[in-house]
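The values are calculated or read from the model by the stated rules, or taken from the named source; none is laboratory data. Just so you know, these numbers come straight off a predicted model, no measurement behind them. Reconstructed Cβ throughout: ideal geometry from the backbone, glycine too, with neighbour counts over all protein chains shown. The protein model used for the area step is the full one, side chains on, heavy atoms only, and it has no ligands, DNA or RNA in it. Shrake-Rupley method; radii C 1.70, N 1.55, O 1.52, S 1.80 Å.
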Amino acid sequence: MTRTRHASAVQRIDVSLGARSYPVHIGPGARDLLAPLVRDLGARRAAVVTARPVDEAPDPGVPALRLPLADGEDNKTLATVERLCDAFAGHGLTRADVVVSCGGGTTTDTVGLAAALYHRGVPVIHLPTTLLAQVDASVGGKTAVNLAHGKNLVGAYWQPAAVLCDTDYLRTLPEREWRNGYGEIARCHFIGAGDLRGLPVTGQIAASVRLKASVVAADERDTGLRHILNYGHTLGHALERATGYALRHGECVAIGTVFAGRLAGALGRIGPDRVAEHEEVVRAYGLPAALPPDVDTAALIPLMRLDKKATRGLGFVLDGPDGVELVRDVPEDDVARTLAGMPRTGRP
C-alpha cells in the first residue's frame, strides 16, 4: 500500500478543549503527518524520544535530537524525566520548539510529563506505537510517573498538540501487547462505547478515542465525568503493584473490570446478567478474568486505598441503574468478600 493510499485511510477525531483543542489522526501512515504538524507549530527544532530503534524514529522535518527510552514501568520515574529535561536543555530546546514521543503508554506518560515541566510547558506530539497507547494513554493530557508508593502519583495535565495513531506500528506487536491494549477496549464496553467486539481494530481504536475525547472535553481535570475512564483501574493498578508489574496494565484492567461488575452486583447496583456480561466481554477479547493464584487479596485493599480517587475510604467506578459513576466509601467488608469470591487462575 502506498503512502498516498495510507493518507486517504486516516481518520480524524478532535478533542475539543477551546484553545487547547487538538486532532487525533488514526490509520495507516498517520506518522506522515508529523512534519506538516511541526511546521504548523512553527517549531525550529525538536526532541524525538523513542522506544523504537533510534534510526527508525519519525522525521519531524526540523533539526532533531533523537533520544532512546525503553518502554516499561521501570523507566516511568522522576529520574527519567530529569534525564530527558537535561537533554532538552543541552539541545537548546525552547518553549517555541516541540517534543515528540514515539512508543507505548509508559513512554507517552513519561515524555508527556517531561514536556509539561520543561520551560513550564513545551508542545508535545504523541506517536503511540502500541494498541494500549493508541486507544487510551496518548489521548487526554494526563501525564505521570510512578513512585515506590504507587502508580501515577506524580503528574500533570498537559494536552498534546496532536496525536498520530499510525496503525502500521501495530503490525509488529507480540500477542501479549495486543491483549494489553484490548484490556482498555474491553472496559469501554461498559462506559458508553457499546459492543466493539465485531469491529476491525482501526474501528475499535476510533470508537475508544471518540468516547475518551467526548469525556475529556466535558471534564478535562477529572472532577466528575472523567472518573468513568478509570473503570476497572482501581483493582487494576493495585494488581500491577502486587505482582511487581509482572501482569501488564491492560491485563490488570481486564481483571479489575470483572471485579467491578461483581462488586456492583454485590452492592445491588446491577443484576446477575450484567455481572456475567463483564466476564463474558473480557474473555471474548482473550483477556484474563481471574486473580493470579499467588496474590494475597488482603494485601490488595491497602494498595487500592492509594488510588487517586480514594479521597475518602475506598472508591470505585461502578455500573448502576443510572449508568457508570464513582462510588465513594464502599464498605471494606464488601470489597473483601468480593475479592475472596473472584475466580483464581489455575483453580477449578
**OP:** Search region 200-214 for residues being in contact (Cβ under 8 Å) with a residue 60 or more places away in the chain and out of contact with any Gly (no Cβ under 7 Å at 6 or more places or on another chain), and hand back the single one that is surrounded by the fewest Cβ atoms within 10 Å (Cβ to Cβ).
**Re:** 201
**OP:** Please identify the pairs in which a residue from region 63-90 that is small (Gly, Ala, Ser) has its Cβ atom under 6 Å from the Cβ atom of a residue that is part of a strand (DSSP E or B), counting only partners at least 6 apart or on another chain.
**Re:** 64/46; 64/48; 87/67
**OP:** Sort out which residues of region 184-199 are of a type in the set (Lys, Arg) and either modelled with pLDDT under 95 or surrounded by fewer than 18 Cβ atoms within 10 Å (Cβ to Cβ) (or both), and write them in order of number.
**Re:** 197
Original post:
Counting just the residues of region 138-149 that are open to solvent by less than 20 Å² (accessible area, probe 1.4 Å) and of a type in the set (A, V, I, L, M, F, W, C), which one comes out farthest from residue 165 (Cα to Cα)?
Top reply: 145
Original post:
From the residues in region 318-343 that are within 26 Å of the chain's Cα centre (by Cα) and among the charged types (D, E, K, R), which one is least open to solvent (accessible area, probe 1.4 Å)?
Top reply: 319
**OP:** Tell me which of these residue 315 doesn't satisfy, since it passes every other one: (1) open to solvent by 10 Å² or more (accessible area, probe 1.4 Å); (2) in contact with a helix residue (DSSP H, G or I) (Cβ under 8 Å, 6 or more places away or on another chain); (3) closer than 22 Å to residue 186 by Cβ; (4) not aliphatic (A, V, I, L, M).
**Re:** (1)
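Could you tell me whether residue 223 is over 23 Å from residue 28 (Cβ atoms), surrounded by fewer than 23 Cβ atoms within 10 Å (Cβ to Cβ), modelled with pLDDT under 95 and not basic (Lys, Arg)?
Numbers: over 23 Å from residue 28 (Cβ atoms): yes; surrounded by fewer than 23 Cβ atoms within 10 Å (Cβ to Cβ): yes; modelled with pLDDT under 95: yes; not basic (Lys, Arg): yes.
Criteria met by residue 223.
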Original post:
Could you list, in sequence order, the residues of region 249-285 that are surrounded by fewer than 21 Cβ atoms within 10 Å (Cβ to Cβ) and either in contact with a His (Cβ under 6 Å, 6 or more places away or on another chain) or under 22 Å from residue 72 (Cα atoms) (or both)?
Top reply: none
